[in-house]
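Student: The structure's right below; bear with me while I get my questions together.
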């Protein structure tokens with residue numbers, strides 16, 4: 001039982017006529033990293049709130065860190081950390097006061113809470129801002145403080161709900177580094193995200209959800225392959241060379257090589273990203289195939305949804321309020 | 001530590017957090033302190049001359065009533081503060097911690113006692129300035145202040161429940177007044193209860209606000225000698241009657257509020 005850190009079976013949550021979760025199953029092994037990927041309104045946050053005891057499901061059950069969330073919420077709470085989409089910090093308190101309060105409420109004692117707050121402030125680069133009210137913090141600082149709050153007790157299972165949504169690119173990279181450190185240390189992680197790239201960067205397994213249902217699961221590579229993944233695209237100027245270009249590309253392709261005779265575009269799905277791209281360019285060079293344009297195109301969340309559901313994420317997003325559960 | 005000890009510990013931590021907020025947002029404190037001064041001056045000077053208390057100095061009669069009314073009004077802060085807490089993001093953090101479910105409520109009602117102590121202190125000074133005097137002993141007077149604070153604590157749990165029932169913090173004031181106006185005006189706070197007609201008179205005589213007012217008047221030595229105490233048990237034994245009410249309010253509204261807090265936070 002304990003080799004599984006998080007297990008949910010048939011979770012259902014309805015809000016009136018809207019079904020936010022529709023029989024969702026998921027599982028994260030101890031030390032595993034699951035990315036819950038989906039557009040706004042897909043049910044990601046609802047799932048996290050159920051797993052963290054903040055919400056009671058209408059149907060189904062969930063076991064986290066060995067305890068049922070419905071019957072033993074306090075045992076679950078003692079073993080998890082949660083950092084939400086909207087930073088759960090007190091605006092009028094300072095960063096230090098926030099962390100000390102959480103530490104004392106986690107029963108670390110006054111001294112213990114203060115010591116832990118200092119450690120976390122240092123680790124999350126918040127020492128200079130420690131004694132200023134959170135009101136004046138930037139978005140990135142707030143998220144870091146919120147994550148620090150989730151780590152006060154060094155929980156074995158961590159839930160991160162859209163940890164980088166709304167952050168600028170630099171803060172996002174910083175957050176990714178912090179998350180990688182945590183998972184490298186063995187923390188079990190369930191994170192939700194709207195970005196395929198983020199799931200790719202951080203997660204070992206990805207569960208794509210839409211309308212409260214799981215629509216695909218697998219490793220990031222499997223997922224990208226499923227939707228055409230990363231494609232090397234090159235445009236061959238001389239029609240006579242198209243055949244040779246196809247042969248070269250076929251060596252790297254994980255699927256059929258596609259050719260557009262009109263434009264001279266030859267493309268194929270590949271693994272390995274830009275490293276593979278470099279190898280393709282070298283190989284073309286050796287074979288004397290001159291190409292006009294060459295590039296690597298990555299699948300976006302839109303393409304995942306287009307492939308899996310037949311509708312782009314944006315369009316679904318726009319009707320999410322009405323269409324969810326339909 | 002057992003469950004109760006942890007609940008008190010967690011409530012204490014939340015109360016400390018609320019005290020920090022008082023220091024950091026002092027505008028709230030100004031409102032808390034100005035209102036009692038205004039009440040004392042308003043009733044003493046505007047109504048002071050035109051209400052018949054049977055030849056007794058009205059201001060003397062009035063002060064205990066204003067004290068009672070003001071601490072009851074002060075309970076609105078408890079409701080508003082809780083409604084705000086529930087809306088803040090921090091509530092998700094609280095709820096994901098293995099802390100006592102009652103902590104946010106226990107902490108809020110406890111830190112509001114501090115507001116009430118300040119309020120009573122300011123009102124006393126204002127009262128003394130307009131001619132009110134304690135005509136009993138200091139010890140008896142302290143007993144009177146203590147009873148007012150205990151009653152305020154019990155009543156703050158009623159407002160805590162109201163604060164958690166309403167959908168938005170802004171609605172708390174309106175919702176509170178539905179409870180507070182009848183409770184504080186249909187009483188012996190500003191006029192002797194025997195001046196009231198039939199049903200209202202009975203309501204006033206059994207109204208706990210009347211009892212706490214009566215008890216405070218006795219404690220301060222402000223009961224006019226030529227004004228007979230109505231012959232009802234509640235006003236003949238005002239301290240006991242007040243304490244019974246406080247116990248009842250706590251027994252009913254503590255569990256009710258804790259349950260409602262859970263629900264409100266789930267929204």
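The values are calculated or read from the model by the stated rules, or taken from the named source; none is laboratory data. Just so we're clear, the structure is a prediction, and the values are computed from it rather than from any experiment. Here the Cβ positions follow ideal geometry from the backbone for every residue, glycine too, while neighbour counts run over all protein chains shown.
Student: Being away from every other protein chain (no Cβ under 11 Å), touching a strand residue (DSSP E or B) at 6+ places or on another chain (Cβ under 6 Å), at pLDDT 90 or above and closer than 29 Å to residue A:36 by Cβ is the requirement here; does residue A:181 meet it?
Tutor: Numbers: away from every other protein chain (no Cβ under 11 Å): yes; touching a strand residue (DSSP E or B) at 6+ places or on another chain (Cβ under 6 Å): no; at pLDDT 90 or above: yes; closer than 29 Å to residue A:36 by Cβ: yes.
No; evaluated as a whole, the condition is false for this residue.
Student: Can you find, within region A:133-152, the residue that is farthest from residue A:189 (Cα to Cα) among those that are assigned to a loop (DSSP other than H, G, I, E, B) and either within 11 Å of chain B (Cβ to nearest Cβ) or under 19 Å from the mean Cα position of the chain (by Cα) (or both)?
Tutor: Out of the qualifying residues, it is A:152.
Student: Conditions first: (1) surrounded by 17 or more Cβ atoms within 10 Å (Cβ to Cβ); (2) touching a helix residue (DSSP H, G or I) at 6+ places or on another chain (Cβ under 9 Å); (3) more than 9 Å from chain B (Cβ to nearest Cβ); (4) over 21 Å from residue A:196 (Cα atoms). Residue A:39 passes all but one, so which condition is the exception?
Tutor: (4)
Student: Hey, another quick one. Could you tell me how many of the residues in region A:150-196 are free of Cβ contacts under 8 Å to residues at least 24 places away in the same chain and closer than 19 Å to residue A:28 by Cβ?
Tutor: Qualifying residue count, region A:150-196: 6.
Student: Only helices (runs of 4 or more DSSP H) wholly contained in region B:124-238 count here; list those with 1 or more residues that are crowded, with 22+ Cβ neighbours inside 10 Å and modelled with pLDDT under 85.
Tutor: B:172-185
Student: Moving on to the next point. Which of the residues that make up region B:29-44 are without any contact (Cβ under 8 Å) to a residue 24 or more places away in the chain and either within 12 Å of chain A (Cβ to nearest Cβ) or under 21 Å from residue B:128 (Cβ atoms) (or both)?
Tutor: Selection gives B:34, B:38, B:42.
Student: Then there is this: Can we say residue B:114 is touching a residue at least 12 places away in the same chain (Cβ under 8 Å) and not in a helix (DSSP H, G or I)?
Tutor: No.
Student: Shifting gears a bit: Of all residues being out of contact with any strand residue (DSSP E or B) (no Cβ under 9 Å at 6 or more places or on another chain) and free of Cβ contacts under 8 Å to residues at least 60 places away in the same chain in region B:17-26, which is farthest from the other protein chains (Cβ to nearest Cβ)? Just the residue, please.
Tutor: Among those that are out of contact with any strand residue (DSSP E or B) (no Cβ under 9 Å at 6 or more places or on another chain) and free of Cβ contacts under 8 Å to residues at least 60 places away in the same chain, it is B:26.
Student: Of all residues in region A:248-290, how many are out of contact with any strand residue (DSSP E or B) (no Cβ under 8 Å at 6 or more places or on another chain), touching a residue at least 12 places away in the same chain (Cβ under 8 Å) and part of a helix (DSSP H, G or I)?
Tutor: Number of matching residues: 3.
Student: Restricting to region A:1-36, give me the number of residues that are over 20 Å from residue A:60 (Cα atoms), surrounded by 16 or more Cβ atoms within 10 Å (Cβ to Cβ) and without any contact (Cβ under 8 Å) to a residue 40 or more places away in the chain.
Tutor: 0
Student: Checking residue A:125 against (1) part of a loop (DSSP other than H, G, I, E, B); (2) under 20 Å from residue A:54 (Cα atoms); (3) more than 9 Å from chain B (Cβ to nearest Cβ), which test does it fail?
Tutor: Single failed check for residue A:125: (2).
Student: Something else: Could you grab me the full set of residues in region A:56-74 that are within 14 Å of chain B (Cβ to nearest Cβ), touching a residue at least 24 places away in the same chain (Cβ under 8 Å) and surrounded by 20 or more Cβ atoms within 10 Å (Cβ to Cβ)?
Tutor: Once the filter is applied, which keeps residues that are within 14 Å of chain B (Cβ to nearest Cβ), touching a residue at least 24 places away in the same chain (Cβ under 8 Å) and surrounded by 20 or more Cβ atoms within 10 Å (Cβ to Cβ), region A:56-74 yields A:57, A:64, A:65.
Student: Which ones in region A:75-95 are within 7 Å of another protein chain (Cβ to nearest Cβ), touching a residue at least 40 places away in the same chain (Cβ under 8 Å) and part of a loop (DSSP other than H, G, I, E, B)?
Tutor: Across region A:75-95, the qualifying residues are A:78, A:84, A:87, A:88, A:89, A:90, A:92, A:93.
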